[in-house]
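The values are calculated or read from the model by the stated rules, or taken from the named source; none is laboratory data. Everything numeric here is computed off the predicted structure, so don't read it as measured data. Neighbour counts run over all protein chains shown; Cβ positions are idealised from the backbone, glycine included.
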Amino acid sequence: MARSLTDRLSSFFGRTPRPPDEDQGLREYCEACNVVLVDAALYLQHRVCPSCRLHYPLTARERISLLADPGTFLESHRSIVSLGLPASSQIRRARDRGRTGLTEAAITGRATVGGAPVILIALDFRFLGGTMGAVIGEKVSLAFELATRRKLPVVAVITSGGARIQDGVLSLMQMAKTSFAVNGLDREKLPFIAVMTNPTTGQVYSSFANLADVILAEPGALLGLAPSNVQPKVNGEGSQSFIASGVNSTESHLVHGMIDRVIDREHLKELLSVLLGLMTPKQAPVSSDVAGEIPPSGAEEKIGGGHLEELWPQAWETVQLARNSQRPTSMDFIRRILTGFVELHGDRLYGDDPSIVAGLGYLGTQAVVAIGQEKGHDVTSRDRHEGRIYPEGFRKAERVMRLASKLQLPLITFVDTPGPYYGRESEERGLGNAIASAMAVMAQLPVPTISVVIGEGGSEGALALGVADRILMLENAIYMVTSPENAAALLYRDSPSAQKVPKPLKLSAQDCRELGIIDLIVAEPPEGANRNPSKAALRLKNALEEEITALMSHSTRRVLRDRHKKFRNMGEYSSHFRVAVTKEASHLQSYVAHRVRRIRRRRQQKKITPQLEEGTKEE
């Protein structure tokens, strides 16, 4: 591998020659739906069929021209080439160089996207299928190192057809090389966004492409480790059915939590601009005014007893208000409070739990990360599991918490769940571990955190997102160790006529405030937030802005210290604790007084006994 003088000078003189076949022949008709394409503006500009939305291939330079602001792209490391390769490999490379005008399958350089400075990486499938050889690994690693030195985010547009056999085991080592380079971004808290296109497979897919903080993908792309032309047999059977099942599709990856969003090509630059503004607020001059709603792709669119009144005579009305199906949910509040909200999906392990929504947005002018427990309403509640969270939901929340830590953005969580989903599949996928891990991560986040109980704060599921610096609670929300129905069943043993009625559960906002569990009660409009969601959201937004402003003025060390102290002393200095201490002190005083009286009586008895003995002897 050699770096020529031209490559070093390209950092200063960024004019890039036009490859011979950059203007590829235009299709007259769509190969999928037979619609005429030559007159379609969408196809001419973005190579997307306006009818069936089929995304046709683009070259690396075409992708850069669609994403980078005009005249801002400055190519780097242009002339790195491989030396000492076999003759057969050199012949194929020479043919691809002449056909594409590229020295390798990767183009890297600096640019701005929506005004935000970035390092751009684009792979070209026409050059050896976009596979990763020694030069690709070197150019990608150099791009990441340049981003680390210049404190810039990285955007990589990826297409790759598998492994580069021509470079042998040296090609395999590039996976490790690029992974080390990505770690440099992590150390410097710099964001990395990957855009997977058709196809993205093999060594690129299983190395730096899947290490991105946010992974986007074009609709209908082939994604996965095993390329379509290399399908090993398992137990004597081929895996053609494996491909036909759609496991390697973009849409399947979204459902299984492996990517964050499916985005149509014409909206990609807009989404990247918003994300870069949110993820690099100190560098990107992107305001919340331009952070509009990004249209979802087609893939994302598819996606009583009387004894209770005796047990909780005053709080039961609050329970009913908190459970009202028309009460604003997390998404209702997020849409009204945050601007430019970009939702992220998936735990990158198993799936995308719809009962957890997470993403980035602006609270006023402050970029924040938001995580909410989503119940849905009458129509969508079933799809949202009625707010009951699976292990993948807690792991998605944990992943986004770590993203907030890396980007140094405040975290806001919206708590509204009857509890986790208790079932066999949850236990098999590690429900307890997921809850404990999410709670532990949130407890040590080095950024300001605020938790808001907006409806039901149910047991462990609520606490996993409730370990925050400041805990707010809507006036008619509830926080409980278990549901009132479960408590009634446990306390009464199906006997509502029990003679001895226990004390009411402490679940209302006022109860939680007296116990020291929450810090602030946010008043709701008359008759509850469901009567006027916009007014309730405005009150909550004002409270959140005040709390964020106060927390942002504190150092990270103080934030962590105060959070630890808050939960370490939880319940220790509440009014109930003082009453308990008073009772204990009274019992102790009574005990001491009783012991003192006994000691005095014994002493008196000891004085009287010798006198009686002497009198007996004299007689």
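A few notes on this one:
- One residue from ALA106, ALA181 being in contact with a strand residue (DSSP E or B) (Cβ under 9 Å, 6 or more places away or on another chain) and closer than 22 Å to VAL214 by Cα: ALA106
- Leading residue by the ranking (nearest to the chain's Cα centre (by Cα)) among those in segment 111-161 that are more than 24 Å from GLU270 (Cβ to Cβ) and assigned to a strand (DSSP E or B): SER160
- Filter result for the condition that a residue is within 27 Å of the chain's Cα centre (by Cα) and either buried (at least 23 other Cβ atoms within 10 Å of the Cβ) or at pLDDT 90 or above (or both), over MET173, MET258: MET258
- Some residue of segment 503-514 being modelled with pLDDT under 85, part of a loop (DSSP other than H, G, I, E, B) and more than 30 Å from ARG531 (Cβ to Cβ): yes
- Candidates SER228, SER288, SER297 - the one that is surrounded by fewer than 16 Cβ atoms within 10 Å (Cβ to Cβ) and modelled with pLDDT under 90: SER228
- Residues considered: SER355, SER330. Of these, the only one that is under 16 Å from ALA537 (Cβ atoms), outside the structural domain of ARG261 (by TED's automatic domain parsing), buried (at least 24 other Cβ atoms within 10 Å of the Cβ) and touching a strand residue (DSSP E or B) at 6+ places or on another chain (Cβ under 9 Å) is SER330.
- ILE136 on the phi < 0 side of the Ramachandran plot, modelled with pLDDT of 95 or more, crowded, with 23+ Cβ neighbours inside 10 Å and among the hydrophobic types (A, V, I, L, M, F, W, C): no
- Segment 99-110, subset of a type in the set (Ser, Thr, Tyr) and either surrounded by 22 or more Cβ atoms within 10 Å (Cβ to Cβ) or not in a loop (DSSP other than H, G, I, E, B) (or both), residue modelled with the highest pLDDT: THR108
- Among the residues of segment 451-468, just one is more than 16 Å from GLY419 (Cβ to Cβ) and either out of contact with any strand residue (DSSP E or B) (no Cβ under 9 Å at 6 or more places or on another chain) or surrounded by fewer than 24 Cβ atoms within 10 Å (Cβ to Cβ) (or both), namely VAL467.
- Some residue of segment 436-445 being among the polar types (S, T, N, Q), farther than 18 Å from LEU560 by Cβ and out of contact with any His (no Cβ under 8 Å at 6 or more places or on another chain): yes
- Residues of segment 436-449 that are surrounded by 24 or more Cβ atoms within 10 Å (Cβ to Cβ) and of a type in the set (Val, Ile, Thr): THR449 alone.
- Residues in segment 477-500 include at least one that is part of a loop (DSSP other than H, G, I, E, B), modelled with pLDDT of 85 or more and either among the hydroxyl-bearing types (Ser, Thr, Tyr) or on the phi < 0 side of the Ramachandran plot (or both).
- Among the residues making up segment 37-66, a single one is of a type in the set (Phe, Trp, Tyr) and in a helix (DSSP H, G or I): TYR43.
- Scanning segment 67-87 for residues that are in a loop (DSSP other than H, G, I, E, B) and either of a type in the set (S, T, N, Q) or modelled with pLDDT under 90 (or both) yields THR72, HIS77, ARG78, SER79, ILE80, SER82, LEU83, GLY84, LEU85, PRO86.
- Qualifying residue in segment 376-383 (condition: buried (at least 22 other Cβ atoms within 10 Å of the Cβ) and either within 20 Å of GLY257 (Cα to Cα) or not basic (Lys, Arg) (or both)): no
- Whenever a residue of segment 251-275 is farther than 17 Å from THR200 by Cβ, its partners that are part of a helix (DSSP H, G or I) and hydrophobic (A, V, I, L, M, F, W, C), lying with C-beta atoms within less than 6 angstrom and at least six residues away or across chains, give the pairs LYS269/LEU67.
- 2 or more residues on the phi < 0 side of the Ramachandran plot and charged (D, E, K, R): qualifying helices (runs of 4 or more DSSP H) within segment 386-447: 391-407, 424-428
- Among the criteria (1) out of contact with any helix residue (DSSP H, G or I) (no Cβ under 9 Å at 6 or more places or on another chain); (2) modelled with pLDDT of 95 or more, the one GLN373 does not fulfil is (1).
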